[in-house]
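Inspection log for the structure reproduced underneath, given as structure tokens.
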Amino acid sequence: MNKKISDKDKQDWQNFINSTDKVENKDQKISSSPKRYIERSIDLHGYTLEEANQKMNSYIEECFINGVNKINVITGKGLRSRNLNDPYQSKNLSILKHSVPNFIKDNHQLMNKIISIDFEAVENPSVGNFDIFLKKK
């Protein structure tokens with residue numbers, strides 16, 4: 001494609017190059033009003049199952065009231081859980097990594113405040129945490 005540039009276009013370009021006027025930064029308009037995104041973390045290492053569930057119940061309520069968008073829940077992978085040696089205990093449900101998300105999922109009061117729980121991370125054996133995304137208050 002061989003298009004010739006008109007003399008007017010050449011003159012307009014030359015005027016633009018020689019001009020001292022500033023070009024409007026459109027990106028600045030976007031970044032001048034950043035959305036408020038708040039993320040919190042909680043570490044449940046060392047908690048019993050009942051303590052962890054109670055802590056998560058109050059923590060989700062507190063985060064929802066304070067406008068938190070995302071909670072990173074650190075549970076550990078469950079590799080050192082004592083229940084692995086007990087054949088009469090559920091391998092998955094007594095490990096915090098599995099039981100805490102199930103507790104939250106079964107609690108309708110908490111789920112009314114939650115957009116989603118990252119169950120892919122829960123099911124991944126190499127991950128010891130998962131995320132909860134909260135609704136806006």
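Since every read-out is calculated from the coordinates, none of them should be taken as a lab result. This structure is a prediction, so every number in the text was calculated from the model and none was measured. Glycine gets a Cβ as well: all are built from the backbone with ideal geometry, and neighbour counts include every protein chain shown.
Structure notes:
- Ranked by the mean number of other Cβ atoms within 10 Å of their residues, highest first, the peptides 113-121, 10-18 fall in the order 113-121, 10-18.
- Treating r as the C-beta distance of ARG36 and PHE16 and R0 as 35 Å, the FRET efficiency rounds to 0.35.
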